[in-house]
1. What is the spin-label model distance, in nm, from S125 to D86 if the labels are put 7 Å beyond Cα along the C-beta direction?
2. Which of rounded, prolate, oblate describes region 3-169, given a ≥ b ≥ c as roots of the alpha-carbon gyration tensor eigenvalues and a/c under 1.5 marking rounded, otherwise prolate only if a/b is larger than b/c?
3. Which is the longest part of the chain that has none of the GluC sites (Glu not before Pro) sitting in a DSSP loop with at most 12 other Cβ atoms within 10 Å?
4. Suppose the chain between Y56 and E20 were pulled fully straight at 0.36 nm per residue; how much longer would it get relative to their current alpha carbon spacing?
5. Placing +1 at every Lys and Arg Cβ and -1 at every Asp and Glu Cβ, with all other atoms neutral, what dipole size does the chain have around its Cα centre, in debye to the nearest 20?
6. Among I151, I45, which comes first, then next, by fewest other beta-carbon atoms within 10 Å?
Amino acid sequence: MRVTDLNVTEYNSYYQPYIEKSDSGPILEGLRSNAILLATFVRTIDKEKLTYRYAYGKWTIKEIVLHLIDTERVFAYRALCIARKDKTEFPGFDQDAYVANSEANNRTIDSLLTEYANVRAATVSLFENFNAGNWLELGIASHSAVSVRAIAFIIVGHENHHLQLIKSRYL
């Protein structure tokens, strides 16, 4: 399944920039390769830079990594519920509150990357085991329709978005 398979009715236009930043190849391969890319890249960053903020109120790199973990957990849960035909409307989440209460800067980067790898492995396992119909299921999250397959592309594109921000504003 590739990003070109998506229909714009499968996600809110808010997510369009993330969809555009997702890999053009098969989505499962994108999830797998991004996991390696992110971990390898973050490990090259000087330790002092991991808690750097490029402006007041902006997140540190450690906080971004934990934000990616938290966001992936939320979106993978949504994908699971939607694939299982749970008709619950899923609320949004306050990403700023999650980051503010994460204690990410008090953790080692190895701890964060281990958690990230574990969450990504669970996400890949979840998506690998969806059948063709599951991928097309639609649910409501943050007051908008979203498909299971759109969620997978949003996860990858969201991660790519933050990797670009780290490269352009933190290093």
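1. 1.8 nm
2. Prolate shape, in that a/c is at least 1.5 and a/b is the bigger ratio.
3. Details: sites that count: E89, E103.
Within the chain, the longest run free of exposed GluC sites (Glu not before Pro) spans 1-88.
4. Details: separation 36, 0.36 × 36 = 12.96 nm, distance 2.85 nm.
Between Y56 and E20, full extension yields 10.1 nm more.
5. Working: 19 positive and 20 negative charges, 52 e Å.
It comes to approximately 240 debye.
6. Least crowded to most crowded, the residues run I45, I151.
Bear in mind that the values in this text are calculations on the coordinates, not laboratory data. The shown structure was predicted, so the numbers you read here are calculated from the model rather than taken from an experiment. Positions of Cβ are generated from backbone atoms using ideal geometry, with glycine treated the same way; all protein chains shown enter the neighbour counts.
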